[in-house]
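Input: a single structure, listed below in structure tokens.
The values are calculated or read from the model by the stated rules, or taken from the named source; none is laboratory data. Here the structure is a predicted model, which is why all the values come from computation and not from measurement. Glycine gets a Cβ as well: all are built from the backbone with ideal geometry, and neighbour counts include every protein chain shown. The area values use the complete protein model at the heavy-atom level, side chains included, leaving out ligands, DNA and RNA. Shrake-Rupley method; radii C 1.70, N 1.55, O 1.52, S 1.80 Å.
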Amino acid sequence: MRGARMTSLLTRLAAEIDAIDPRRFEGRVTGLSGSLVEVTGPFEALALGARGTIQGHRVARGEIVGFRGDRALLAPYDSIEAIRPGARVTLEGDAPLVRPSQAWLGRVIDCFGAPVDGQGPLVSGLKPRLVRAPPPSAHDRARVGGRLDVGVRAINIFSALCRGQRMGVFAGSGVGKSVLMSMLARGAAADVIVIGLAGERGREVKEFIEDTLGEEGRRRSVVVVATSDESAARRRLAPHMACAVAEHFRDEGLDVLLLIDSVTRFAMAQREIGLSVGEPPTTKGYTPSVFAELPKLLERAGPGHEGQAGSITALFTVLVDGDDHNEPIADAVRGILDGHIVMERAIAERGRYPAINVLKSISRLMPMCHTGEENVLVGRAREALSLYTEMEELIRIGAYKPGADASVDEAVRVRPALERVLMQSRDEQCSIDESFALLAEALA
């Protein structure tokens, strides 16, 4: 046993030594351009996406995001206070790599894959992978699998997910996105949960991990964090790191649930970098690179390669600006993903959580997720909820008289029971079979 561990350690060390680039490139700081650092150096090392380390009073890392003439523009990951002209810059010409492993489960890491939970160093895996890997080819990708039980009734019934599907969660601030994510992390029938928190409030991260996620959810999770006070380059990199970790477990043949919160803050970080480089602002100030980067991130989730057992089922949250569900980022994300879950402030204000508007939510793969009998139940429930919504104002002011329309009378009768089905506490979990049993009882 001891010999096997020693062999594994030596193999890992040999892989890390082989990955070291024997070449060393150096450049110099020539100036600042907004929040970007201008750097000169050997052309061989000045590659888009390459990293640089600025030596000085403080060591600062950065990523090359553009060029101005023969100078590279470095977006800093760290604080660049006290930086000096002529400071030495060590350049790494290769794209960043990461080596996830099974030992990462239960850990909290930053956008570089370094631990931030104070529980000691991470054990790296043998196989390196690109942090910003391209999505699988459309012709090489497998089909989505069977439905995934997520433990939330409103989703299991009205917006069911298949394994390998990608969904968006659209909501304003304070409507309950984080709580819904914690319910999914604890109740979903997935092997591994990977959570990417990009631009989150620093105060909420520990609360989310310890209270909302809890010990049960954390044991099978890897959490990637870049808080709102960190640089735009870190906030942009964190979702890609979460995707790289999810891809590792998918390639191990596991079913992964990937939760990214939020795509909007990722887009804001990309907008900040794009404007600094000199891109023209377009709709609401978002630069063209934002809409080019979104599919590169969102398309990484999904089924693996043909013949591969693992999958990545993903939910990406979108923080809609001013509760406007047609703002540019929400509109672009909705066109890429396989469906959307809409959370509304009005539903939260009347005390029904999770505040999902099931009439505005849709899963493009749902008909193939449910059986014929289940689809009939869903259709009846949708019809009743839709009829009540249309007639709600007349019913409340007494303008509708019972008996005028049998369908409306039925909708009024079953609505309280349907509301109870959709209401679910944070610590409650409900399987698909239990969900449909409660729905059938409500419609009986």
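Do we find that Pro288 is open to solvent by 40 Å² or more (accessible area, probe 1.4 Å) and in contact with a Leu (Cβ under 7 Å, 6 or more places away or on another chain) in this structure?
Taking the combined requirement at face value, the residue does not satisfy it.
Name every residue in segment 324-355 that is hydrophobic (A, V, I, L, M, F, W, C) and assigned to a helix (DSSP H, G or I), in order of residue number.
Let us first name the residues in segment 324-355 that are hydrophobic (A, V, I, L, M, F, W, C), namely 329-330, 332-333, 336-337, 341-343, 346-348, 355.
Answer for segment 324-355, where residues must be hydrophobic (A, V, I, L, M, F, W, C) and assigned to a helix (DSSP H, G or I): Ile329, Ala330, Ala332, Val333, Ile336, Ala346, Ile347, Ala348.
Cβ-Cβ under 9 Å, sequence separation 6+ or interchain: first residue in segment 384-413 and within 21 Å of Asn357 (Cβ to Cβ), partner surrounded by 12 or more Cβ atoms within 10 Å (Cβ to Cβ) and of a type in the set (Phe, Trp, Tyr). Which pairs?
Within 9 Å, the pairs are Met391/Tyr400; Leu394/Tyr400; Ile395/Tyr388; Val408/Tyr388; Val408/Tyr400; Ala411/Tyr388; Val412/Tyr388; Val412/Tyr400.
Does segment 424-439 hold any residues that are within 20 Å of Met366 (Cα to Cα) and surrounded by 15 or more Cβ atoms within 10 Å (Cβ to Cβ), and which are they?
Once the filter is applied, which keeps residues that are within 20 Å of Met366 (Cα to Cα) and surrounded by 15 or more Cβ atoms within 10 Å (Cβ to Cβ), segment 424-439 yields Cys430, Ser431, Ile432, Ser435, Phe436, Leu438, Leu439.
Can you tell me which of Glu247, Glu306, Glu272 is within 18 Å of Cys111 (Cβ to Cβ), surrounded by fewer than 22 Cβ atoms within 10 Å (Cβ to Cβ) and either in contact with a Leu (Cβ under 6 Å, 6 or more places away or on another chain) or not β-branched (Val, Ile, Thr) (or both)?
The unique qualifying residue is Glu272.
Just to verify a result, which residue in segment 130-153, among those that are hydrophobic (A, V, I, L, M, F, W, C), within 20 Å of the chain's Cα centre (by Cα) and open to solvent by less than 50 Å² (accessible area, probe 1.4 Å), is farthest from Met167 (Cα to Cα)?
Val131
Would you be able to say whether some residue in segment 185-194 is open to solvent by 10 Å² or more (accessible area, probe 1.4 Å), at pLDDT below 85 and in a helix (DSSP H, G or I)?
So far as segment 185-194 goes, no, none of its residues is open to solvent by 10 Å² or more (accessible area, probe 1.4 Å), at pLDDT below 85 and in a helix (DSSP H, G or I).
Would you check which residues across segment 207-224 are at pLDDT 85 or above and over 15 Å from Val131 (Cβ atoms) and list them?
Correct list: Arg218, Arg219, Arg220, Ser221, Val223.
Output the residues belonging to segment 379-423 that are of a type in the set (Lys, Arg) and open to solvent by 80 Å² or more (accessible area, probe 1.4 Å).
Those that are of a type in the set (Lys, Arg) and open to solvent by 80 Å² or more (accessible area, probe 1.4 Å): Arg380, Arg396, Lys401, Arg413, Arg420.
Would you say Glu38 is at pLDDT 85 or above, under 22 Å from Cys111 (Cβ atoms) and in a strand (DSSP E or B)? Working first, answer last.
Working: at pLDDT 85 or above: yes; under 22 Å from Cys111 (Cβ atoms): no; in a strand (DSSP E or B): yes.
Against the criterion (at pLDDT 85 or above, under 22 Å from Cys111 (Cβ atoms) and in a strand (DSSP E or B)), Glu38 does not qualify.
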